[in-house]
Amino acid sequence: MNLPAALFTPSWPAELELAYARQGERTTPVRRRHLGPLRVQKHLYAEGPEVCQHIIVHPPGGIAGGDTLDISAQAGERTWVQLTSPGAAKWYRAAGVARQNLRLSVEAGATLEWLPQETIIYAGAQAELHTQIELHGDARLFYWDIVALGRPAADERFASGHFQAALDIRHDGKLLWHERQRVAGDDGLLDSPIGLDGQPVFATLLVSGEVDSELLERCRELKIDGVRGDLSQLAGLLVARCLASEALKARAWLIALWYLLRPALLGREAVPPRIWNT
């Protein structure tokens, strides 16, 4: 029997829904729902019961055309949630668009750290990412992303496909950050001095709160070979950007900033997740 070709689709949708609540001195997962190939590993408390760490895993190891990842996490009042990943997210060459939708909600008195490892966009990929973050009251956010276009180590230039990203952060319903990015294969922005200036990697760090001029200058003085970065203090939001020759170098710069900024803005020394060393 020949079945209609429309019944066979190469797409692989996946959903992950997380929620956390404060129970005594402990941040506890209270909802962990998944559909398709998205999971979190066992929750960890490397810093004590106040900080709940989850490692988000996508078992296929890569995102292909037609795939959609829907991830949501809600940090309840007075919780501290840290989300990271075990390795790079790889977006493969494809004939169709692949998407990721990320929704983060941070309630009053809560802290959420979104610290994934890098996103690698293969030449020919059609990757579209949309992120929405809602902050309430005195909620605190520490967010970063690292994007690598192509695979320079394999002599692969980002010559085809596209990368598109949207990021909105709201505080009590008021828009705090609104950003749109789009880079097409062989786009002039790849080599332009007002674009990526020939560097295949770019990264962004956003932290709620404000730092004094002395700490801001210390952050600006950080030097990582192969990285060109800087920071800007906006009203209620600290922004850091960099261009880099390799994703590992961009990540090293972000982690160095995290070591400096986490104690000042979040009141806790930085303890790197062990998964970063594997």
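Okay, residues lined up against (1) hydrophobic (A, V, I, L, M, F, W, C); (2) under 18 Å from E246 (Cα atoms):
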residue	(1), (2)
A89	yes, yes
A95	yes, no
D138	no, no
V147	yes, yes
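Could you please find all residues in region 14-34 being open to solvent by 60 Å² or more (accessible area, probe 1.4 Å) and in a loop (DSSP other than H, G, I, E, B)?
Correct list: E25 only.
Taking V81, is it among the aliphatic types (A, V, I, L, M) and surrounded by fewer than 22 Cβ atoms within 10 Å (Cβ to Cβ)?
Details: among the aliphatic types (A, V, I, L, M): yes; surrounded by fewer than 22 Cβ atoms within 10 Å (Cβ to Cβ): no.
Criteria not met by V81.
Which of the residues that make up region 60-77 are part of a loop (DSSP other than H, G, I, E, B), open to solvent by less than 20 Å² (accessible area, probe 1.4 Å) and under 25 Å from D138 (Cα atoms)?
G76
Would you point out which residue out of L261, L231, L254, L243 is closer than 30 Å to Y45 by Cβ, in contact with a helix residue (DSSP H, G or I) (Cβ under 9 Å, 6 or more places away or on another chain) and at pLDDT 95 or above?
Numbers: L231 fails: closer than 30 Å to Y45 by Cβ; L254 fails: in contact with a helix residue (DSSP H, G or I) (Cβ under 9 Å, 6 or more places away or on another chain); L243 fails: closer than 30 Å to Y45 by Cβ.
When all the criteria are applied, what remains is L261.
May I ask you to list pairs of residues, at least six apart or on different chains, whose Cβ atoms are under 6 Å apart, with the first in region 35-54 being touching a residue at least 12 places away in the same chain (Cβ under 8 Å) and the second being of a type in the set (G, A, S)?
Partner pairs satisfying both residue conditions: G36/A14; P37/A14; L38/A14.
Can you pull out every residue in region 150-171 that is more than 30 Å from T111 (Cβ to Cβ), of a type outside the set (S, T, N, Q) and open to solvent by 10 Å² or more (accessible area, probe 1.4 Å)? Talk me through it step by step, then tell me what you get.
First, the residues of region 150-171 that are more than 30 Å from T111 (Cβ to Cβ): 150-162.
Pick out the ones that are also of a type outside the set (S, T, N, Q) and you get 150-159, 161-162.
Those that are more than 30 Å from T111 (Cβ to Cβ), of a type outside the set (S, T, N, Q) and open to solvent by 10 Å² or more (accessible area, probe 1.4 Å): R151, P152, A153, A154, D155, E156, R157, A159, G161, H162.
Against the condition open to solvent by 30 Å² or more (accessible area, probe 1.4 Å), small (G, A, S) and not in a loop (DSSP other than H, G, I, E, B), how does A264 come out, does it pass? So that I can check it myself, show each step before the final result.
Numbers: open to solvent by 30 Å² or more (accessible area, probe 1.4 Å): yes; small (G, A, S): yes; not in a loop (DSSP other than H, G, I, E, B): yes.
Yes, satisfied.
Name every residue in region 267-278 that is free of Cβ contacts under 8 Å to residues at least 60 places away in the same chain and either open to solvent by less than 40 Å² (accessible area, probe 1.4 Å) or assigned to a loop (DSSP other than H, G, I, E, B) (or both), in order of residue number. Break it down into steps so the answer makes sense when it comes.
First, the residues of region 267-278 that are free of Cβ contacts under 8 Å to residues at least 60 places away in the same chain: 267, 269-270, 272, 277.
Selection gives G267, E269, A270, P272.
Right, S85: closer than 21 Å to V271 by Cβ, among the small types (G, A, S) and modelled with pLDDT of 95 or more or not? Write out each step before concluding.
Values: closer than 21 Å to V271 by Cβ: yes; among the small types (G, A, S): yes; modelled with pLDDT of 95 or more: yes.
So S85 fits the description; yes.
Quick check on region 35-59: of everything there that is loosely packed, with under 15 Cβ neighbours inside 10 Å and farther than 24 Å from V271 by Cβ, which residue is modelled with the highest pLDDT? Spell out the reasoning first.
To start, the set of residues in region 35-59 that are loosely packed, with under 15 Cβ neighbours inside 10 Å comprises 35, 41-42, 45-46, 48-49, 59.
Pick out the ones that are also farther than 24 Å from V271 by Cβ and you get 35, 59.
Values: L35: 94, P59: 88.
The residue in question is L35.
Identify, please: which residue in region 196-246 is surrounded by fewer than 16 Cβ atoms within 10 Å (Cβ to Cβ) and in contact with a Gly (Cβ under 9 Å, 6 or more places away or on another chain) and is, among those, nearest to R262 (Cα to Cα)?
E210
Please verify whether region 183-203 includes one or more residues that are in contact with a helix residue (DSSP H, G or I) (Cβ under 9 Å, 6 or more places away or on another chain), of a type in the set (G, A, S) and assigned to a loop (DSSP other than H, G, I, E, B).
Yes, region 183-203 has at least one match.
Being of a type in the set (A, V, I, L, M, F, W, C), outside any loop (DSSP other than H, G, I, E, B) and either open to solvent by 20 Å² or more (accessible area, probe 1.4 Å) or farther than 19 Å from L175 by Cα (or both) is the filter here, so list the residues in region 97-133 that pass it.
Just the residues of region 97-133 that are of a type in the set (A, V, I, L, M, F, W, C), to begin with: 97-98, 102, 104, 106, 108, 110, 112, 114-115, 120-121, 123, 125, 127, 129, 133.
Those still in the list that are outside any loop (DSSP other than H, G, I, E, B) too: 98, 102, 104, 106, 112, 114-115, 120-121, 127, 129, 133.
Selection gives A98, W114, L115, I120, I121, A127, L129.
The values are calculated or read from the model by the stated rules, or taken from the named source; none is laboratory data. Since the structure is predicted, the reported quantities are computational estimates derived from the model, not experimental observations. FYI the Cβ positions are ideal-geometry reconstructions off the backbone, even for glycines, and counts take in every protein chain you see. Areas reflect the complete protein model, heavy atoms only, side chains present, ligands, DNA and RNA absent. Shrake-Rupley method; radii C 1.70, N 1.55, O 1.52, S 1.80 Å.
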